[in-house]
Amino acid sequence: MELLLLGLVGALAWKLYKLWRTPHDAPLRSVTLCLLCATLSYPIAMPGGATGVDTVAGHGAAKLVQNVLLLVAMYFLMCFYLYSAADEEASRRRANKEAVAVVAVVVVITLAAVSVPHEVFAGSFSTADMTVPQIAVFYGGAGCYLTYVLGLAASVLSR
């Protein structure tokens, strides 16, 4: 587990260095931000990290933060494909529109997470009670967005 985190930190450091040398490279910026989100989310996913975040910010905060970081990482991954496949101006307009979508999903899952009692929000996806609407919205909204981003990236790749 620590080896994976070390790999993420190393890749992030390398991309930050490359971005420092070419700050206007939009695909590189997108990959770097994707790696940053992935690197930040990894320690939160660890049992000690989740406990620490929940202790400081309240029960369930770690799960919410981890999912938000994952959604934002996927947004930046999608931006990488957008910037790599089209001219910069068209890609920027599309990325701005897609930013609205990710913000909307983050708001919806945040509202779902904070509106449910912490006992119901405990556990993981595999043990979650999907009959509780807020839980279904939390996991369903995130899952639908991830599916959308991967589908969009695949469609950009197939062009």
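Things worth noting here:
- Residue in the range 141-153 that is over 21 Å from VAL68 (Cβ atoms), within 20 Å of the chain's Cα centre (by Cα) and at pLDDT 75 or above present: no
- Residues of the range 87-118 satisfying the condition of being under 17 Å from the mean Cα position of the chain (by Cα), over 14 Å from TYR139 (Cα atoms) and hydrophobic (A, V, I, L, M, F, W, C): ALA95, ALA99, VAL100, ALA101, VAL102, VAL103, ALA104
- Residue check, LEU64 surrounded by 14 or more Cβ atoms within 10 Å (Cβ to Cβ), at pLDDT 95 or above, of a type outside the set (D, E, K, R) and in a helix (DSSP H, G or I): no
- Of residues in the range 106-159 being within 19 Å of LEU82 (Cα to Cα), among the aliphatic types (A, V, I, L, M) and touching a residue at least 24 places away in the same chain (Cβ under 8 Å), the one surrounded by the fewest Cβ atoms within 10 Å (Cβ to Cβ): LEU157
- Being small (Gly, Ala, Ser) and closer than 22 Å to THR39 by Cβ is a property that does not hold for ALA122.
The values are calculated or read from the model by the stated rules, or taken from the named source; none is laboratory data. This one's a predicted model, so the numbers in the text were calculated from it and none came from an experiment. Ideal geometry is used to build each Cβ from the backbone, glycine not excepted, and the neighbour counts take in all protein chains shown.
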